[in-house]
Structures are given as C-alpha cells and as structure tokens.
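Below: one structure, written as structure tokens.
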Amino acid sequence: DYAQRSSVSWLSFEPHMLKDTRDELEIQGQLRKAIHDSEFKLAFQPKVDANSGELIGAEALLRWSTGDNQFISPAKFIPIAEKYGLINAIGQLILHQSLAQQARWIEDKLHLRLSINLSPYQLEQPDLVETIAALLKKYNVPPDTICFEITESAAMLRPQLTIEKLRKLRQLGVELSIDDFGTGYSSLSLLHTLPIHELKIDRSFVQSIRTGSLPIIRASIQMAKDLRIRTVAEGIESEDERVCMVACGVDELQGYLISMPLFGDAFTTFAINHKQVSHASIV
Ligand code: C2E
Ligand code: MG
Ligand code: MG
Ligand code: MG
C-alpha cells in the first residue's frame, strides 16, 4: 500500500518539477536582464503606532514589473535570485534605492524609520557591513533611522554567523528586526543572544487569532517586552484583528487595513493625509 502510494505521488511529482525548473530558468534569465536594466522598484508599506495610530515607519518591499503593469511576487523571484547567485546584485540596488528615498524623506522633514529586508545570502557576503556603512555615509542617512529585517528562518540557517553579522551591523547604529517570527523554529535561548530591537509577529498568527493562536501571540509579546524588544504585528487586514492585537499590547501595526505598500509619491500623499487625520483626531 505504501509503495503504491509513493509511486503514484512520484509520477505526479515529476512533471511538476520539470515545469518549475523551466519557469525558474526563464525567470533567472529575465532577472539578469532586469538587474542590468535596473527594472526594480520599491514600494513602501506604512507602519503605525498601535495606540496612537501615528505613522512611524515604512517597510521597503521589492517590486519587479515584467511590463504591462504585471508584477511578479518577490516571494516567487527572490528564492530564484538566491538560488542563482543574483541576490547580492539585487540587494545592492535595494540598498541604494532605499537609502536615497530615506534621504529625500528626511529632506522633506518626514521622519520615519525605514525597514529594509535582508536575505540570508546577503549576511554571508563578507563586505556587507562595510558596504552598508559606506552607503549610509554616501546618502547622509542617520543609521538609527534604518532597520534591517531578517526572517527568523534565515537567522537560524547559520546562527553563529547571524549573531556575528548582526552584532557588527548593530555597531553601525542601525536597528535590527526578526521577521516572520514564530515560523522559523528558533530556540528561545538564541533570541536573547541576538542583538535585535524588534520582533515581527508573522501574519499566520494574526490570521488564526480566532482559531487558537492568541496564547502564542500573547506569550511572544510578553517575552519581547521582558527582553525590551519592540513588537510589530504584520498583515493586519481587519478592524477585528487590529483591536485584538492592540489588546495584546503590540507596539506597532502593519497591514492592508492601514495601507497597501505604496510607490514613492503615493506614500508621500498617504503620509500627509495621515498626519492631518491623526492631528484632527487630537484637536
Ligand atoms: P515580508 O518581509 O514578511 O513582507 C510582508 C509581505 O506581506 C509583503 O509581501 C507585503 O506586501 C505583504 N502584506 C502586507 N500587509 C499584508 C496584509 O494585510 N495581508 C496580506 N495578505 N499581505 C500583506 P510581498 O511584498 O509580496 O513580499 C513577500 C516577501 O518577499 C517579503 O515578506 C520578504 O520576505 C520578501 N521581500 C520583499 N521585498 C524584499 C526585499 O527588498 N529584499 C528581500 N531580501 N526580500 C524581500
Ligand atoms: Mg519584512
Ligand atoms: Mg514578514
Ligand atoms: Mg510574514
């Protein structure tokens, strides 16, 4: 019975693998061209204070259009870029664009914490810390206005290397965040050795509040508070989820309920309108 099942699944598995590989190779070729032609853009998703609603930050999210306003999801193409050794080149473009944007916002008196995602392959790059230090100087961006997000599972790939790199990054004065927290099986003892400022509670927990994740969310937030680590709830889509996370004591909120990720000008408009709204509600 077991043999039969496994041979059936093998037969249906193989064609699927072939298709993925063809897709992958095609995307890989398009990625090389996209890097060469700088076809990537960044969208920025607002992060607000959970209690006051005040806009306090933004996360830079990579967007790649293959023409006709068709976007390929970074969840799909970043793993391919990682697999084919292209992520460092893309990471460089992201760093330049993010820091240039932050410099413009500072010039416009918009003081936000800008979060930038880092791939585990970027952490392995020997000159990552020096590169970031040089770019902060080049764009004249204060280090403490930048926060780097590393997913929990990436941090766990090579914990010793991660700790070492994060310590060096922290010495630059930038902030550090563990992304998708709760999905990466990190040991709790590792958590207090990581020099981090922020934990982002994964959307999968927010989505399953009504079906049992509440104790885990509460415990994560309490633990973070005891470790003096800020918490962010990601993927807030409903008022119900917002109210629940605020009641749990989370510090910041991010998600479609607050705003979709926005391109530069749309983000500036959001920031201006948002200021007026929160000001009006105080007066
Ligand atoms: P992430 O860093 O956890 O980013 C959050 C993802 O959730 C984003 O997807 C965002 O658009 C989406 N999101 C935000 N609010 C909501 C919501 O309320 N509901 C739902 N359903 N989704 C929401 P996106 O932009 O497709 O990015 C997916 C992942 O790709 C990111 O997850 C991150 O791991 C990676 N990624 C994106 N940009 C970059 C980048 O510049 N560098 C690297 N290394 N990775 C990136
Ligand atoms: Mg992130
Ligand atoms: Mg996340
Ligand atoms: Mg997530």
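Sorted from largest to smallest, which semi-axis lengths in Å does the alpha carbon gyration tensor of the chain give for its equivalent ellipsoid, taking the root of 5 times each eigenvalue? Show your work: numbers first, answer last.
Numbers: eigenvalues 187, 130, 90 Å².
They are 31, 25, 21 Å, listed largest first.
Can you tell me the order of 28-37, 225-234 when each peptide is scored by its average per-residue count of other Cβ atoms within 10 angstrom, highest first? Please list the in-between numbers first.
Working: 28-37: 14.5, 225-234: 18.1.
Output ranking for 28-37, 225-234: 225-234, 28-37.
State the answer as a single residue: which of Ser259, Ser119, Ile217 lies farthest towards the positive end of the charge dipole of the chain, with beta carbon charges of +1 for Lys and Arg and -1 for Asp and Glu, about the Cα centre.
Ser119
Answer with one residue from Phe148, Val174, His192: the one whose Cα lies farthest towards the positive end of the charge dipole of segment 92-199, charges on Cβ with Lys, Arg +1 and Asp, Glu -1.
The Cα lying farthest towards the positive end belongs to Val174.
Under a Cβ-only charge scheme (Lys and Arg +1, Asp and Glu -1), can you give me the dipole magnitude of the chain about the Cα centre, in debye to the nearest 20? Present the calculation step by step, with values, prior to reporting the outcome.
Values: 29 positive and 36 negative charges, 92 e Å.
That gives a dipole near 440 debye.
Could you report segment 124-283's accessible area per residue, 1.4 Å probe, as an integer in Å²?
51 Å²
Can you tell me how much longer the chain between Glu107 and Thr193 gets when fully stretched, taken as 0.36 nm per residue apart minus their C-alpha distance, in nm with one decimal? Let's see the in-between values first.
Details: separation 86, 0.36 × 86 = 30.96 nm, distance 3.61 nm.
That pair, Glu107 and Thr193, stretches by 27.3 nm at full extension.
Where nothing but the Cβ of Lys and Arg (+1) and of Asp and Glu (-1) is charged, how large is the charge dipole of segment 173-264 around its Cα centre, in debye to the nearest 20?
On the way: 8 positive and 13 negative charges, 51 e Å.
The dipole magnitude comes to about 240 debye.
What part of the accessible area of the chain, given as a whole %, is carbon or sulfur when the probe is 1.4 angstrom?
On the way: 8320 of 14940 Å².
C and S atoms contribute 56 percent here.
What order, most packed first, do the peptides 103-110, 167-174, 89-96 have when packing is the mean number of other Cβ atoms within 10 Å of each residue? Show your work: numbers first, answer last.
On the way: 103-110: 13.6, 167-174: 16.5, 89-96: 18.6.
In descending order of packing, they fall as 89-96, 167-174, 103-110.
Taking a ≥ b ≥ c as the square roots of the Cα gyration tensor eigenvalues, with a/c under 1.5 meaning rounded and otherwise prolate when a/b beats b/c, else oblate, which class fits segment 144-283? Walk me through the intermediate numbers first.
Values: a/c = 2.03, a/b = 1.33, b/c = 1.53.
Oblate, because a/c is 1.5 or more while a/b does not exceed b/c.
Give me the number: length gained by fully extending Glu130 to Arg32, i.e. 0.36 nm times residue separation minus the C-alpha to C-alpha distance, one decimal in nm.
Values: separation 98, 0.36 × 98 = 35.28 nm, distance 2.49 nm.
Answer, rounded to one decimal: 32.8 nm.
Restricting attention to the alpha-carbon atoms of segment 48-124, what are Rg (one decimal) and Dmax (integer), both in Å?
Cα only, segment 48-124: 14.9, 44 Å (Rg, Dmax).
The values are calculated or read from the model by the stated rules, or taken from the named source; none is laboratory data. Keep in mind that what you see is a predicted model, and the values were worked out from it rather than measured. Here Cβ is always computed from backbone atoms with ideal geometry, including for glycine, and neighbour counts include all displayed protein chains. The area values use the complete protein model at the heavy-atom level, side chains included, leaving out ligands, DNA and RNA. Shrake-Rupley method; radii C 1.70, N 1.55, O 1.52, S 1.80 Å.
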